[in-house]
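Undergrad: Okay, handing you the structure first.
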Number of protein chains: 4
Amino acid sequence: MADNTFGKIFKITSFGESHGDLVGIIVDGVPAGLKVDADFIQSELDKRKPGQSGLTTSRLESDKVQILSGIFKNKTTGAPICLIIRNKDIDSSKYEVFKNFLRPSQVDYSALKKFGGFADYRGSGRFSGRITASFVMAGAIAKQILKKSNITVFAYTKSIGDVVDDESYIMDDLEKYIQLREKSSVRALNAEKSKLMEKIIEDVKIQKDSIGGTIRCIVNNFPEGIGGPVFNSIESNISKGIFSIPAIKAIEFGAGFKAAKMKGSEHNDPWIVKDGKIQTTKNDAGGIIGGISTGMPIEFAVAVKPTATIGKPQKTVNIETLENVEIELRGRHDPCIVPRAVVVVEAMAAIVLLDHLLLEGKVPSVLES
Amino acid sequence: MADNTFGKIFKITSFGESHGDLVGIIVDGVPAGLKVDADFIQSELDKRKPGQSGLTTSRLESDKVQILSGIFKNKTTGAPICLIIRNKDIDSSKYEVFKNFLRPSQVDYSALKKFGGFADYRGSGRFSGRITASFVMAGAIAKQILKKSNITVFAYTKSIGDVVDDESYIMDDLEKYIQLREKSSVRALNAEKSKLMEKIIEDVKIQKDSIGGTIRCIVNNFPEGIGGPVFNSIESNISKGIFSIPAIKAIEFGAGFKAAKMKGSEHNDPWIVKDGKIQTTKNDAGGIIGGISTGMPIEFAVAVKPTATIGKPQKTVNIETLENVEIELRGRHDPCIVPRAVVVVEAMAAIVLLDHLLLEGKVPSVLES
Amino acid sequence: MADNTFGKIFKITSFGESHGDLVGIIVDGVPAGLKVDADFIQSELDKRKPGQSGLTTSRLESDKVQILSGIFKNKTTGAPICLIIRNKDIDSSKYEVFKNFLRPSQVDYSALKKFGGFADYRGSGRFSGRITASFVMAGAIAKQILKKSNITVFAYTKSIGDVVDDESYIMDDLEKYIQLREKSSVRALNAEKSKLMEKIIEDVKIQKDSIGGTIRCIVNNFPEGIGGPVFNSIESNISKGIFSIPAIKAIEFGAGFKAAKMKGSEHNDPWIVKDGKIQTTKNDAGGIIGGISTGMPIEFAVAVKPTATIGKPQKTVNIETLENVEIELRGRHDPCIVPRAVVVVEAMAAIVLLDHLLLEGKVPSVLES
Amino acid sequence: MADNTFGKIFKITSFGESHGDLVGIIVDGVPAGLKVDADFIQSELDKRKPGQSGLTTSRLESDKVQILSGIFKNKTTGAPICLIIRNKDIDSSKYEVFKNFLRPSQVDYSALKKFGGFADYRGSGRFSGRITASFVMAGAIAKQILKKSNITVFAYTKSIGDVVDDESYIMDDLEKYIQLREKSSVRALNAEKSKLMEKIIEDVKIQKDSIGGTIRCIVNNFPEGIGGPVFNSIESNISKGIFSIPAIKAIEFGAGFKAAKMKGSEHNDPWIVKDGKIQTTKNDAGGIIGGISTGMPIEFAVAVKPTATIGKPQKTVNIETLENVEIELRGRHDPCIVPRAVVVVEAMAAIVLLDHLLLEGKVPSVLES
């Protein structure tokens, strides 16, 4: 059993492999008449693509988006949109070497048991982080639609290893934060912490090791009253989408795990009327109560595990001989995947939240004003 | 838009309200021929039901399960199974008093915006924790089926407030842990910590306050090779189910948020051959790599926020007059919901994992041997 | 694998058996604030219930609807609505006698192979026509919502055996047609043909035989532009729902099978502007082109097979001894199920079409004006 | 709202347009290890492609299949398979001329109302029969898998206009029937009737008109006990798929509409034990009782309406001026679409029935023996 389709009205179907011909996505349910901004899709892909700095993998890919269906006279038609990027730098000789070794914390063993040895193992094939480029393309379309209703989705690197930026940015001036983030090679907001994070990545790279981190995401201007109890909760659907991104191992909304240590009198967000608007004085709920949006920013954070591929010697098993062995992996990889995953997290949040709006019959007008 | 149905083959549909006639669930996709153990369903419900100790709400409910369909001659027929519990102690007069006040961190405002004032507000109606009794009933059936394949699902209270039990129990002797847990009024495993946790709950109760906590869940003997990349990942589906439980605000698999601070060389789980079996020497992956089970225990933890209903004075808004006011809530509630949520977390894990097995065509034999 | 849930936003989950405790349905996705007219639901059930005349089964059931959830202060809350009828006249002794015989054209064999002998065989259990009472209850709610937008769903008996009423009624005066139909014991519109149909049913009843027929359904005032190509076509979804009704073996939209004999110049419906409105001069398309509504009435017809249970001697097999034998079935049954199925066909059409509207974000206002 | 994804485990997502870059399909849920026979896929496409004879459209397309993902070392990997054909002969100038005229019985009006004028109108865009090439590719994969279990799907032209071949072929010698069919330019089985059908098509072509017909489909060796009551019935799912094919307006299973005129004693299929196997002496049930397969051949027939595009003068409306006008359509089209639709009907049946098997956990072994 496989499942590469997600969403109810705004529905995406992902396909492609790391070292096959391409990585692509079918985006279904896009209202007709949207002027698709291909440059924007490209700029989003560029934030994820390899080779942006010395901190990322040495794989060279231009990741140029091609739109193969669903657009006519530069606008969406209501038909499914097929977007792809081609794979070019697909030397997979290095993977052949390790074919019989279970690389620690990689899918070798579980994929073997699931797919009986037929899975494409080149560059992790269907399990590669490269698959997330498909989410970025779909997310770029979702963001364009959300923007018509002034809804913005913004994520940034909150921590790398032990360096944590704990400030509760609220995205009151989005442009400012975008500029701060784009100045940072690790997509952090605080310039000093950014340097410390960069240093950690450089260090683990030299050590032939890798490092994890966290990403925080804030959605502004999402309307109140969207979502629902039980299986229609915004948390349920965002988490379902987010855990489809490789290497994510945790998610928390609002105060998250901190809430577990709090008293109700601390955690509860008091309501006030301010500027004629009903709102809360703080947002430990992360903008969601009872699975439904409150009108406050939707906030969540995710944990990204350290890249599994490392050059350091590791203990493992030769699956053919069943002997315990030691391996040193080669191959191209990022010492820290967090900076490139920031735009992926944004994309998935945009995809899920747009679907929520469409399910409520709240279709943003996509036509040019 | 609502969504009260979950699952693909083992599919549940939840219904009912806190202070309506009943709370119920339709369980579809149960293989025919299973001898349903109603006593077991009841014993699971009993772990969740109110009034188990002085630490829980004063609401009195016997929560006796009734099976209304899908069973013939004491066995499942392949038809949908309808299970209900009746609501009895449904004095809702206290809720009328607070009808115009937005209770902090409760659904009053978001539900108002979603349902236009028509939602059943008595005892939080459809948003009540009482709805989780429906999950417990479905989970009890799922557990009976999983047990036929020796798969066990076990959860316990890992922390209440600042008291954390950080031991990495691996459920090697399940019976022992069940007994330890059932001895603890807060469903913890460590007797000393259990007392400390109990003390915290008693304290916040006296303070008319509440407290959060965490629950850890371990699934043993789940076969390797189940799940998949992208939207079929086990993390995606467990998290989708878990966030359908009210008050859950975070989830982490394996090392979870700790992974974000780790190096690859620390986080990677080395493979070894031991006792003729391929396994890892530790389990920071939480039994899932690439969305697929590895054969190691599936492990996750969740954060439960403090009960929103507290007696302490709170600032809020009168929705009719739009004035800022202060309220002191009355009504029956738990100062800490964690102990009663333990069995709910187990239930949802069992529901999701059974569906995963059925989707792979790995239908456990349900017949009596 | 079972599947008792249908629909995307207006979603129904059916449960119960012919001779179990009850037959019921969960109706999810109903907008909040609808004043549910329980009398109307009952009047719809009454059109389906047994014992309406000498032409139907002798089983006695009052089929009184009970609403167990989802309603508060007489209005829908947005929560799932649980509706049930109890089974009362459940003497199933007659079914025990035939337990080892494969009743021709009944589910005995296929159900045995599917459910391994565990299916509830009393009164055909989950396969009984009685299950359609659950669709009628859900359909009654859908009709109430559609009516707010002036959309009407009307079906009638078009033929019993060889007696066919081929007139192309267009429901210009719905009240008139309702009265004509309710005067007819077989739910036909033409009084003379009604008598002939009645005669056929009486004759087959005397012969211990049964007879089939057809039902035609017309939906007026359904808005144009709803549905879509491929898997979102109105025909796809109506047919999916209609074939969930036992005993239906064929469906055709508009000219249907007649279209197969027509030339394009005959079949094509010319467009005209009339009374300022764009419409077609005839409706061989059945109100649907390219899977999308045209604004003309949606029209379809279905074939109902003759009741499988007949008293005449029939050749069959004893499943225990594997001998070829002859049986004469007893038990209560209708000699012709068509008249009672009319309201079921209407119900399913209403359910599907309301879901189509909700999926387009065209939520009819359900509030009282 | 759009919906271009179908199926639960064997899941297809269709994309592309008649005159865009391509027509394609994502096939998800294919078990790993299947050696895909691209030549077979091509031979299936060739049966549908234009220009096979003087009876089809003059559009020239080679329709060469390209497989873009999901295959590694010539075998399926368990990842989604992307298959496409390119569009080459895409002169769409003729469609510009008719842009403001509502072509009778074509989607111009309903698509306008649905997509607000943004739909790709060239060659009917997303509504084109050309989209069914995507179903043929997916169906070719489904057939390869079904064949591993000896399940065969065979369809043929049963009628064109008034020429009907009413023989009840049972596919006892499949190879023979395939040869008969492939000898016929209209894909009929009876050589004489084939000539008469051919004559009709030639005549309507000369008359600048078109003609409808019917297709009958028989599935052999499908195992008993697959499907279910209510929404899991085989009829429900086959019909849902079949009505996703443009121009289909009716479907009947087994005796179908004939059943409506039959008595139970005529329609019921007697069970016998023959050659040690339980079977029925005839098959008016079409191999399905209670929604579940009986082990007899699954049989259904569909009606295909006459091609809407005809050269004869037709009355219609100019949508800009709202004047009643007369048009004579040009553009390439088939005078009868039935022969090319035969393989499409087979494909959809294969797709649905394979999904049914997978849902039961009856995964055919796809590995080479």
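The values are calculated or read from the model by the stated rules, or taken from the named source; none is laboratory data. Note that the coordinates shown come from a computational prediction; the quantities given were computed from them, not determined experimentally. Cβ atoms come from the backbone with ideal geometry, glycine included; neighbour counts cover every protein chain shown. Side chains included, ligands, DNA and RNA excluded: accessible areas come from the protein's heavy atoms. Shrake-Rupley method; radii C 1.70, N 1.55, O 1.52, S 1.80 Å.
Undergrad: Let me spell out the model: positive unit charges on the Cβ of Lys and Arg, negative unit charges on the Cβ of Asp and Glu, origin at the Cα centre of chain C. What dipole size does that give, in debye rounded to 20?
TA: Using Cβ point charges on Lys, Arg, Asp and Glu, chain C gives about 360 debye.
Undergrad: Solvent-accessible area of B:I151, probe 1.4 Å, all protein chains present, reported in Å² to the nearest ten, please.
TA: 10
Undergrad: Go ahead and run the numbers for FRET between A:N150 and D:I206, Cβ-Cβ distance against an R0 of 56 Å, rounding to 0.05.
TA: 0.40
Undergrad: Once label points are set 7 Å from the Cα along Cα→Cβ at both D:K315 and A:D275, what is their separation, rounded to one decimal in nm?
TA: About 6.2 nm separates the two model spin labels.
Undergrad: Would you mind working out the magnitude of the charge dipole of the stretch A:46-145 relative to its Cα centre, with +1 at each Lys and Arg C-beta and -1 at each Asp and Glu C-beta, to the nearest 20 Debye?
TA: Dipole about the Cα centre, nearest 20: 240 debye.
Undergrad: Turning to a different aspect of this structure: Taking the Cα centre of the protein assembly as shown as the origin, how large is its charge dipole in debye, to the nearest 20, when only Lys and Arg (+1) and Asp and Glu (-1) carry charge on their Cβ atoms?
TA: 0
Undergrad: I would also like to ask the following. If packing is taken as the average number of other Cβ atoms within 10 Å across a peptide's residues, how do A:177-183, D:46-52, C:109-115 rank, most packed first?
TA: C:109-115, D:46-52, A:177-183
Undergrad: Still on this structure, please answer the following. With solvent modelled as a 1.4 Å probe, how much accessible area in total do chains C and B shield from it at their shared surface, in Å² to the nearest 100?
TA: When C and B are taken together, about 3300 Å² of accessible area is lost.
Undergrad: While we're looking at this one, here's another question. Of B:V363, B:T280, B:T307, whose Cα points farthest to the positive end of the dipole of the stretch B:242-369 (charges on the beta-carbon: +1 Lys, Arg; -1 Asp, Glu; origin at the Cα centre)?
TA: Going by the Cα projections, it comes out as B:T280.
Undergrad: Here is a follow-up. What is the distance in Å between the Cα centroid of the stretch B:169-195 and that of the stretch D:90-143?
TA: What the calculation gives is 64 Å, centre to centre.
Undergrad: A further question follows. Can you work out the FRET efficiency for the pair D:L60 and A:S93, with r the C-beta to C-beta distance and R0 = 41 Å, to the nearest 0.05?
TA: 0.45
Undergrad: From the label point of B:F40, set 7 Å from Cα along Cα→Cβ, how far away are the matching label points in the other copies, in nm, ordered shortest to longest?
TA: For B:F40, the other copies' label points sit at 4.2, 4.5, 5.3 nm, shortest first.
Undergrad: Take each of the peptides C:255-263, D:29-37, average the number of other beta-carbon atoms within 10 Å over its residues, and list them starting from the highest.
TA: Peptide ranking by packing, descending: C:255-263, D:29-37.
Undergrad: Take the rotation relating chain D to chain B, measure from its axis to every Cβ in chain D, and name the nearest residue with the distance in whole Å.
TA: Output: D:G361, 2.
Undergrad: In whole percent, how big is the carbon plus sulfur part of the accessible area of the stretch B:5-367, probe 1.4 Å, protein atoms only?
TA: That share works out to 51 percent.
Undergrad: Once R0 is set to 56 Å, what does the formula 1/(1 + (r/R0)^6) return for the Cβ-Cβ distance between B:D39 and D:D172, expressed as a FRET efficiency to the nearest 0.05?
TA: Once the sixth-power term is evaluated, E becomes 0.55.
Undergrad: Can I ask one more? Which pairs, out of A:K8/C:K240; A:K249/B:K261; A:K193/B:K305; B:K148/D:K362; B:K11/B:K282, put more than 22 Å between their alpha-carbon atoms?
TA: A:K193/B:K305; B:K11/B:K282
Undergrad: List the distances, in nm to one decimal, from the label point of B:K148 to the label points of the same position in every other copy, shortest first, placing each label point 7 Å from Cα along the Cα-to-Cβ direction.
TA: Result, one decimal in nm: 2.5, 4.4, 5.0.
Undergrad: For the stretch D:245-279 and the stretch A:202-238, what is the separation of their Cα centres, given in Å?
TA: 55
Undergrad: For the protein assembly as shown, what is the calculated [θ] at 222 nm in deg cm²/dmol (nearest 500), taking -39500 (n - 2.57) for each run of four or more DSSP H residues and dividing by its residue count?
TA: -8500 deg cm²/dmol
Undergrad: Tell me which residues come under 5 Å, amide H to amide H, from D:S69 once H is placed; ignore anything under 5 positions away on its chain.
TA: Counting only residues 5 or more places away or on other chains, the set is D:C82.
Undergrad: At 1.4 Å probe size, with every protein chain present, just tell me what the per residue accessible area of the protein assembly as shown comes to in Å².
TA: Result: 33 Å² of accessible area for each residue.
Undergrad: What are the extents of the Cα atoms of chain B along their three principal axes, in Å, largest first?
TA: So the three principal-axis extents are 70, 52, 39 Å.
Undergrad: Residues of the stretch A:335-369 losing 50 Å² or more of accessible surface, assembly versus chain alone, probe 1.4 Å, please list them.
TA: Buried by the other chains: A:L359.
Undergrad: Right, here's the next one. How high is the relative contact order of the stretch C:5-367, in percent, counting Cα pairs under 8 Å that sit 6 or more residues apart?
TA: Relative CO of the stretch C:5-367 lands at 23 percent.
Undergrad: Separate question: Can you compute 3J(HN,Hα) from phi for each residue in the stretch C:190-207, using the Karplus curve 6.51 cos²θ - 1.76 cosθ + 1.60 with θ = phi - 60°, rounded to whole Hz and x for Gly and Pro?
TA: Each residue's phi maps through the Karplus curve to give 8, 4, 5, 5, 4, 5, 5, 4, 4, 4, 4, 5, 4, 5, 5, 4, 4, 6 Hz.
Undergrad: Setting aside same-chain residues fewer than 8 positions from C:K205, which aspartates and glutamates have a Cα under 19 Å from its Cα?
TA: The reachable aspartates and glutamates, counting only those whose Cα sits under 19 Å from C:K205, are C:D162, C:E328, C:D334, D:E266.
Undergrad: Put the label 7 Å from Cα along Cα→Cβ for A:K277; what are its distances to the other copies, in nanometres, shortest first?
TA: 4.4, 5.6, 7.1
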